[in-house]
Amino acid sequence: MHEFEIIKKYFSKLSYNNKNSLNLNDDVFFDKSKKLVISVDTYVEGVHFINFKHPDFVIKKIFRSSISDLICKGVKPTYYFISGSGNKKTFSKKNLKLISNALKQEQKKYSTKLCGGDTVYSKKLSFTLTSVGFSNDIIFRNKAKINDDIYVTGNLGDSFIGLKVLQNKIKLNKDLTYYFKMKYFHPVLHLNIAKKLFLFANTSIDISDGLMSDLEKIINKQKLSYKLFLNDIPISNNLKKLVDTKIISKLSSVCSGDDYQILFTATPSKSRIISKISKQLGIKISKIGKIYAHSQKSEIIDENKRKIAFKNKGYFHRF
């Protein structure tokens, strides 16, 4: 079973009398009466990060990917709790100083404060980060509408290439190696767009498991389908170089996750305000597809208007 099957079969029923849990079908807990929004994420060495050779880089990735859950809901993170399990080697004085300094930088960058956590001894290194924010409302996951346009912020795929470089599966020159590694460790978050999402987004999610995987989460409780246009999915100039030289395919790179960009849908009438806010904030926002009725099969269209067969829809934790 994968993680979502486990939640549905064993845990969803435990939340039936708690509307704030959103039926465990969103990335956050939302108590409207208290204006409270919470998300929890766990990261394990060998699964979510390769190793701990760069503790400061790893902790920044963990921090940003965690608060991303709130940002994509239209909420600015205010507080966080962090817990870690490890041993004397992983939690050496040198590493602890690097972790502390990195978190200090992230707190300043994203205006958040540490409120607590826990540390325990373990042979396996892992971290759990809880993000807390306050808001009168959130952008819910399953509110897409037929004929909605599908948008994404920033560029997709760079983090995946960074992972492949770190795994020594792709060999690049020094400059490209550094570029993609930094994109893997330091995902770009668009904090300033959080409150603006309420002006146009019907539904939203951050891209963690992959473009197609997270898009299907957006419509998983609705009788809807989608059409994506590969040519419109934004990638960096550096990734375009790799695609053009056949080192990697565009589709596999943009659908592999770990981007933490915001994927959202909006009615066509909102296109002008989306363009305006994109220019105001200096954030790339690209229209990449459309939502349709469930009777129409979901598909991806290439630059020659041909349907693409693609089986890898993203990452799932399997047990």
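Just so you know, all these numbers are worked out from the coordinates, no wet-lab data involved. Fair warning: this is a prediction, and the values are worked out from it, not measured in the lab. No Cβ is skipped: glycine too gets one built from the backbone with ideal geometry, and neighbour counts run over all protein chains shown.
Some points to look at:
- Our helix-only sum for the chain, with -39,500 (n - 2.57) per DSSP H run of n ≥ 4 divided by its residues, gives a mean residue ellipticity at 222 nm of -8500 deg cm²/dmol.
- As a proxy for reagent exposure, ranking Ser111, Ser92, Ser39, Ser126 by other Cβ atoms within 10 Å from fewest up yields Ser111, Ser92, Ser126, Ser39.
- Global size of the chain: 19.4, 59 Å for Rg and Dmax (C-alpha atoms, Rg to one decimal, Dmax whole).
- Surface/4 of the Cα convex hull for the stretch 149-301, nm²: 9.3
- Amide hydrogen proximity for Leu224: with H placed 1.01 Å from N in the peptide plane, the residues at 5 or more positions away or on another chain lying under 5 Å are His294.
- All-pairs alpha carbon distance profile, the stretch 1-47, 5 Å steps from 0, percent: 5, 19, 22, 24, 15, 10, 4, 1
- Surface/4 estimate of mean projected area, convex hull on alpha-carbon atoms of the stretch 3-134, nm²: 8.7
- Cα-centred dipole magnitude for the chain, charges only on beta-carbon of K, R (+1) and D, E (-1), debye, nearest 20: 360
- Top of Lys246, Lys19, Lys284 by mean-square fluctuation, Gaussian network on the chain, Cα under 10 Å: Lys246
- Dipole magnitude of the stretch 3-134, debye to nearest 20 (Cβ charges: Lys/Arg +1, Asp/Glu -1, about Cα centre): 480
- GNM flexibility winner over the chain from Leu211, Leu96, Leu228 (Cα, springs under 10 Å): Leu96
- Packing here is the average count of other Cβ atoms within 10 Å per residue, and on that basis the peptides 182-195, 140-153, 56-69, highest first, run 56-69, 140-153, 182-195.
- Cβ-to-Cβ counts within 10 Å put Val165, Val28 in ascending order as Val165, Val28, the fewest first.
- Here r is the Cβ-Cβ distance between Leu199 and Lys88 and R0 is 35 Å; the resulting FRET efficiency, rounded to 0.05, is 0.10.
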